[in-house]
Amino acid sequence: VQPPDRPLQAEEWNRLREGFHSPEIFEEVMLNNMVKYNSSIDVAKSLLTHVAKSNGDIGYNLLLKYLALCVQQGKTSEICDVHDILKIRFKILESGAYNLLIRGLSNSDQWRTALTLLEDVKKVTVPSRTNYESCIKAASRHQEMTLACELYHEMLAMDLVPTLDVLQTLFDYSRGTKDPELQKELFGILLYLRENQIYPHKAFMRSIKLWFESIPGENWRGHLTNITDSGECPVCNHQLEDSELTEEEYNNLRERIIRDVIHGTDTFRKTSPQEFEAFQTFVENRLPFDIVIDGLNVSHIMPRKMQCENLFEAVNCLAKNNARLLVLGRKHMLSNSSNWKREVMKEMQHKADFFFAENISEDDAFLLYATLRSGKHCKFVTRDFLRDHKACLSDSLTRHLFRKWQRGHQIAFSPSAGGKHINFSPALCYDCVVQTTGDTWHIPYKDVFEEKCSYRVPRKWLCLHQK
């Protein structure tokens, strides 16, 4: 139903309604389409006036759809009117109404009403991330930075993960601040990025740079750069932190992963105890490996080639320098199918050890076990980011060590530009997280390509140093 381009009289609405195949839902469909086509508010008002005169009042659902249109167009006066009507007619609103009201009012000069609504939401449930972020942005725009930071900390306390856009807002509206407390808050956000291995996008990174350069009397300068393979910053010649774990850290991490992740409740939903025991025996009899490969993951890298060809190329490439390889496969790879040629599989088995799990098994636990049992030198190859396994670790220190170990041991791979070969990116010898020495900050950020490849770590950095 195409909404009309002008307000209609009662008889005109009646004619449209009668011609509609389901008259009982005509008003809802019409308002939905007004939102879709961003119709004039006056057209929507004429429909609601008609409904009020015909039915005596306007239903909750129709009010909400009208509210959505008002919020979409930033009509503050109308949003306030709907807010007053809802407040009078309904004691408690559902989350959809609160979301719209908070979003609409926080973008207006009535933004403090949005804070009152946020308090109302807290009485019945945990506010959504969007609720908080609307209020944080409103407070920041009105230079109420202390309030904005309080709301940010409330979010974190409720385990709500802030978007990069709201963090960027805090930097954008704090430029030129002399307030040491506010500066401390923003440094804290950078350490939050470090702790959670979060990489800013380019726009956020620019905001961080401009904020540093605006700090009165401190002479910060920011430069975009690429860190050398050895981990040195070409701008300030600072050596970044090593990605290597100490012996004690490595042993603790290995024990925790084997206990909490591999022998935890999750693993045996994806494999059987008997199969995993057989795998452990297989590994212990062949230790140590230099590289453990997620065979199925690698085999799908170039869809136009046979899966066994992709894996064969990877094994050939990684077997150079007499590296000892373990390939984790599935039993269907032995079936001599169109994707898995028996002669190719046999040739590969001369260059690497293979373990073939059941087709329904998931091999992440196998991958982690074999890599960690092989020692600190062993690397692994997969495009998987292993987020689920990090989540199984109960404390933040172990999760941080897991990520650090992963960054220093995961060999990433991608198709070449022409799609004919596989490019392997060696694991980094330096730690790819936000780093600071006090008078320098090094912040990794993602470009557009890397945002599409979540398993990759950024190679682009912002170096901030004091002149």
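Points to keep in mind about this one:
- Entry remark, region 195-238: residues being in contact (Cβ under 8 Å) with a residue 40 or more places away in the chain and touching a strand residue (DSSP E or B) at 6+ places or on another chain (Cβ under 7 Å) number 23 in total.
- Looking only at region 298-352, and only at residues there that are within 33 Å of the chain's Cα centre (by Cα) and basic (Lys, Arg), the one that is least open to solvent (accessible area, probe 1.4 Å): 330
- Boolean, residue 185 is among the acidic types (Asp, Glu) and part of a helix (DSSP H, G or I): yes
- Filtered residue count, region 405-420, keeping only those that are touching a Cys at 6+ places or on another chain (Cβ under 9 Å) and open to solvent by 30 Å² or more (accessible area, probe 1.4 Å): 0
- Any hit, region 285-294, residues being surrounded by 22 or more Cβ atoms within 10 Å (Cβ to Cβ) and over 23 Å from residue 409 (Cα atoms): no
- Subset of region 150-196 that is among the acidic types (Asp, Glu) and over 21 Å from the mean Cα position of the chain (by Cα) - its residue that is nearest to residue 431 (Cα to Cα): 185
- With respect to the conditions (1) open to solvent by 50 Å² or more (accessible area, probe 1.4 Å); (2) assigned to a loop (DSSP other than H, G, I, E, B); (3) under 16 Å from residue 442 (Cα atoms), residue 197 lacks only one, and its number is (1).
- Scanning region 367-381 for residues that are in contact with an Asp or Glu (Cβ under 9 Å, 6 or more places away or on another chain) and either small (Gly, Ala, Ser) or at pLDDT below 90 (or both) turns up just one, 374.
- Search result, residues across region 118-143 that are within 22 Å of the chain's Cα centre (by Cα) and open to solvent by 10 Å² or more (accessible area, probe 1.4 Å): 126, 128, 129, 130, 133, 134, 137
- Looking across region 427-456, the residues that are open to solvent by 20 Å² or more (accessible area, probe 1.4 Å), part of a loop (DSSP other than H, G, I, E, B) and modelled with pLDDT of 80 or more come down to 427, 429, 437, 438, 439.
- The helices (runs of 4 or more DSSP H) falling completely within region 1-85 that include 3 or more residues that are within 17 Å of residue 98 (Cα to Cα) and either among the small types (Gly, Ala, Ser) or modelled with pLDDT of 95 or more (or both) map to 60-73.
- Subset of region 1-59 [farther than 15 Å from residue 70 by Cβ, touching a helix residue (DSSP H, G or I) at 6+ places or on another chain (Cβ under 6 Å) and small (Gly, Ala, Ser)]: 10
- Whichever residue in region 215-241 is in contact with a Leu (Cβ under 9 Å, 6 or more places away or on another chain) and either open to solvent by 80 Å² or more (accessible area, probe 1.4 Å) or in a strand (DSSP E or B) (or both) and, among such residues, is farthest from residue 205 (Cα to Cα): 229
- Residue list for region 157-186, restricted to those being farther than 16 Å from residue 207 by Cα and open to solvent by less than 20 Å² (accessible area, probe 1.4 Å): 162
- Remark: pairs (first residue in region 19-36, under 15 Å from residue 4 (Cβ atoms) and open to solvent by 30 Å² or more (accessible area, probe 1.4 Å); second residue assigned to a helix (DSSP H, G or I) and of a type outside the set (A, V, I, L, M, F, W, C); Cβ separation under 7 Å; 6+ apart in sequence or on different chains) = 32/65; 35/65; 35/72.
- Any hit, region 249-268, residues being over 32 Å from the mean Cα position of the chain (by Cα) and open to solvent by 50 Å² or more (accessible area, probe 1.4 Å): no
- Taking region 242-323 as the region of interest, the helices (runs of 4 or more DSSP H) fully inside it that hold 2 or more residues being under 30 Å from residue 347 (Cα atoms) are 273-284, 295-299, 307-318.
- Here residue 406 passes the criteria (1) under 19 Å from residue 193 (Cβ atoms); (2) in a loop (DSSP other than H, G, I, E, B); (3) among the polar types (S, T, N, Q) except the one numbered (2).
The values are calculated or read from the model by the stated rules, or taken from the named source; none is laboratory data. Bear in mind that the values here come from a model prediction, so they are computed numbers and not experimental data. Please note: Cβ atoms are built from the backbone with ideal geometry, for glycine as well, and neighbour counts cover all protein chains shown. The area values use the complete protein model at the heavy-atom level, side chains included, leaving out ligands, DNA and RNA. Shrake-Rupley method; radii C 1.70, N 1.55, O 1.52, S 1.80 Å.
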